[in-house]
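A.B. asks: Submitted below is the structure of interest, expressed as structure tokens.
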Amino acid sequence: MKRNVLYIEDNEKIGSWVKEELEQRGFSVQWLLSGEGAEKEVNQHEVVILDIMLPGLDGFTVGKRLKKAAPAVPILLLSARTSINDKVDGLQFADDYVTKPFHTDELVARLEVLIRRSGGTHSERILLGNQIEVDPEVQMVYDKRTGEEIILTGKQHQILMYFIRHPNQVLPKEQIYEAIWEETYITGDKTLMVHIHRLRQKLERHPDSPEIIETLKGIGYRVKL
């Protein structure tokens, strides 16, 4: 299910990048270059990303108006302004505050938390292949045929959730390793390969001919949703 985001950002380079990144992760994004007209749009969305430095009305003014128009829709402020005073002022009406530069994985995680807290989305299970279901809200994995939970180790769970946060993307093995282990990948290291092999043993009907975790030889892996 698409999660609807209202994104207000006047920097076209940043705006285009964020919009593309979010859409690749399953969000539907309406991007505005200013706060003009935003009050008419806000109720059609589950969360707002709002830059502070906007032409015309600044983000603080726009945010207060949006919160008045739609009190239940969470607002995430996105700004290069890092002072405590700015953060305190922003959090008088906003629900979260992220400073630039930022990583899109963190932005996505924060958006998902805000949406869950506001009740803006229901816990719809994600289907992997024909037999695996993932509940993204409680991050549990089930065998659809039996209804039983599939127990994963910590690293297996982290790897699977990383794939789900990056659906349909070809992910280099170096990127996956460094995101999960938080250390530099060393060429030839088989750690990730071993964990994915064991993860396939638990998820795939035919682990030697995987349908869920696809290998792109010489590049990395992909999970299609």
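A.B. asks: Using a Förster distance of 41 Å, how high is the FRET efficiency between I219 and S83, based on the Cβ-Cβ distance and rounded to 0.05? Mind dumping the intermediate values first?
C.D. replies: Numbers: r = 43 Å, r/R0 = 1.04.
Working from the Cβ atoms, E equals 0.45.
A.B. asks: Sticking with this structure for a sec: Could you order the peptides 172-183, 44-55 from most to least packed, using the average number of other C-beta atoms within 10 Å per residue? Present the calculation step by step, with values, prior to reporting the outcome.
C.D. replies: Values: 172-183: 15.2, 44-55: 20.7.
Top of the packing list down: 44-55, 172-183.
A.B. asks: For the pair N168 and R145, what calculated FRET efficiency results from E = 1/(1 + (r/R0)^6), where r is the Cβ-Cβ distance and R0 = 22 Å, to the nearest 0.05?
C.D. replies: Calculated transfer efficiency: 0.35.
A.B. asks: A follow-up question, please. According to a simple spin-label model (label point 7 Å from Cα along Cα-to-Cβ), what is the distance in nm between K64 and L91?
C.D. replies: 1.9 nm
A.B. asks: Something else: Run the numbers for E23 and D10: contour at 0.36 nm per residue of separation, minus the present Cα-Cα distance, in nm. Walk me through the numbers on the way to the answer.
C.D. replies: Working: separation 13, 0.36 × 13 = 4.68 nm, distance 1.85 nm.
Contour length minus the Cα-Cα distance gives 2.8 nm.
A.B. asks: Considering the chain as a Gaussian network with a 10 Å cut-off on Cα pairs, which listed residue, T215, T187, T99, attains the greatest mean-square fluctuation?
C.D. replies: Checking each option, the largest mean-square fluctuation is seen for T187.
A.B. asks: Which entries in the list K100/K224; K19/K155; K13/K64; K202/K224; K40/K87 go over 23 Å, if you measure between the two C-alpha atoms of each? Working shown, then result.
C.D. replies: Working: K100/K224 30 Å; K19/K155 30 Å; K13/K64 26 Å; K202/K224 17 Å; K40/K87 26 Å.
Result: K100/K224; K19/K155; K13/K64; K40/K87 exceed 23 Å.
A.B. asks: Another question, if that's okay. Considering the values (i) -0.46, -0.55; (ii) -0.27, -0.35; (iii) -0.20, -0.26, which represents log10 I(q)/I(0) by the Debye sum over Cα atoms at q = 0.07, 0.08 Å⁻¹ as calculated for the structure under consideration?
C.D. replies: It is the one labelled (ii).
A.B. asks: Helix-only estimate, please: 222 nm mean residue ellipticity of the chain, summing -39500 (n - 2.57) across DSSP H runs of length 4 or more and dividing by its residues, to the nearest 500. Display every interim value, and only then the final one.
C.D. replies: Values: 8 runs with 84 residues, N = 225.
Dividing the helical sum by the residues of the chain leaves -11000 deg cm²/dmol.
A.B. asks: Provide the FRET efficiency to the nearest 0.05 for the L127-S34 pair, computing r from the beta carbons and using R0 = 35 Å.
C.D. replies: Details: r = 39 Å, r/R0 = 1.12.
Calculated value: 0.35.
A.B. asks: At a 1.4 Å probe, what is the % contribution of carbon and sulfur to the accessible area of region 1-138? Numbers along the way, then the final one.
C.D. replies: Details: 3300 of 6940 Å².
Answer for region 1-138 is 48 percent, counting heavy atoms of protein chains only.
A.B. asks: OK, next. Using 19 Å as the cut-off for backbone N distance, which residues of region 166-186 belong to the label zone defined by a point 7 Å from the Cα of M193 along Cα→Cβ?
C.D. replies: Only 171-181, 184-186 pass the distance filter.
The values are calculated or read from the model by the stated rules, or taken from the named source; none is laboratory data. Here the structure is a predicted model, which means the values were calculated and not measured. Cβ atoms come from the backbone with ideal geometry, glycine included; neighbour counts cover every protein chain shown. Accessible surface areas use protein heavy atoms only, side chains included; no ligands, DNA or RNA. Shrake-Rupley method; radii C 1.70, N 1.55, O 1.52, S 1.80 Å.
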